[in-house]
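Accompanying notes for the structure given below.
The values are calculated or read from the model by the stated rules, or taken from the named source; none is laboratory data. All values derive from a computational prediction rather than experimental measurement. All Cβ positions, glycine included, derive from the backbone under ideal geometry; neighbour counts span all protein chains shown.
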Amino acid sequence: MKNYVSIAWTLSILAVGCGGAEDSCPTGGKGTLNLTVSGLPEAVSAALVLQAPEGPPTATSAGRLEGVPSGTWTVSAEPVAAPGGLVRAAYDAPDGVEVCVPADDGVDVDVAYALIASSAKLWIGAQNSPAPLLAWAEEALGATGTVAPAVETGPWTSPRPQPSSRHRRGSRSTPRATSGWRISDPT
């Protein structure tokens, strides 16, 4: 029986099988660990780290690993970035997961990466603008003419100054903007 574990950005881990309701994972044999990766473009390689039941962590990419020691393995992934371009796209990795590799059997692990929403954009702060923070997608950066930003944030909000009897005649009260973000999803 194959075991299947899925690691997803917003989903929890789903583990089926591997010893029933017990938390233990038997050791003492050899099994197969099949690693697949989703959510990355072809030009981007995953950065996976495997921790065997015994021994140091091992860096690897997606693939089928046969004859690995049975027992509890930890599979984790590191964030990665796409190569080149004017602005780079970054992909976040899910949290690590422990999987049981049974003796004389195998387990499939799918690592689902997700694009970091603020990546792959050129961000610019704009003063005296209705939107104080603007972002353009890489596709728009090579265009000629006027190109609308992919993301517009704002407006900044600031507390209104309260009248005070302490103001001297001729002095001015200038409202100050408070720090903080209000970012809207353009979709």
Tally time: how many residues in the stretch 54-72 are on the phi > 0 side of the Ramachandran plot and in contact with a Ser or Thr (Cβ under 7 Å, 6 or more places away or on another chain)? 1
When residues of the stretch 71-98 are filtered for being part of a strand (DSSP E or B), closer than 18 Å to S38 by Cα and not small (G, A, S), how many remain? 6
Going by the conditions given, is V75 within 13 Å of D105 (Cα to Cα) and at pLDDT 90 or above? no
Among the residues of the stretch 64-86, how many are surrounded by fewer than 16 Cβ atoms within 10 Å (Cβ to Cβ) and of a type outside the set (D, E, K, R)? 8
Exclusive hit being surrounded by 17 or more Cβ atoms within 10 Å (Cβ to Cβ) and touching a Leu at 6+ places or on another chain (Cβ under 8 Å), set V101, V97: V101
Flag for G170 being farther than 30 Å from R64 by Cα, exposed (fewer than 10 other Cβ atoms within 10 Å of the Cβ) and at pLDDT below 75: yes
Do we have A131 as surrounded by 14 or more Cβ atoms within 10 Å (Cβ to Cβ), part of a loop (DSSP other than H, G, I, E, B), modelled with pLDDT under 90 and not assigned by TED's automatic domain parsing to the domain that holds E66 here? yes
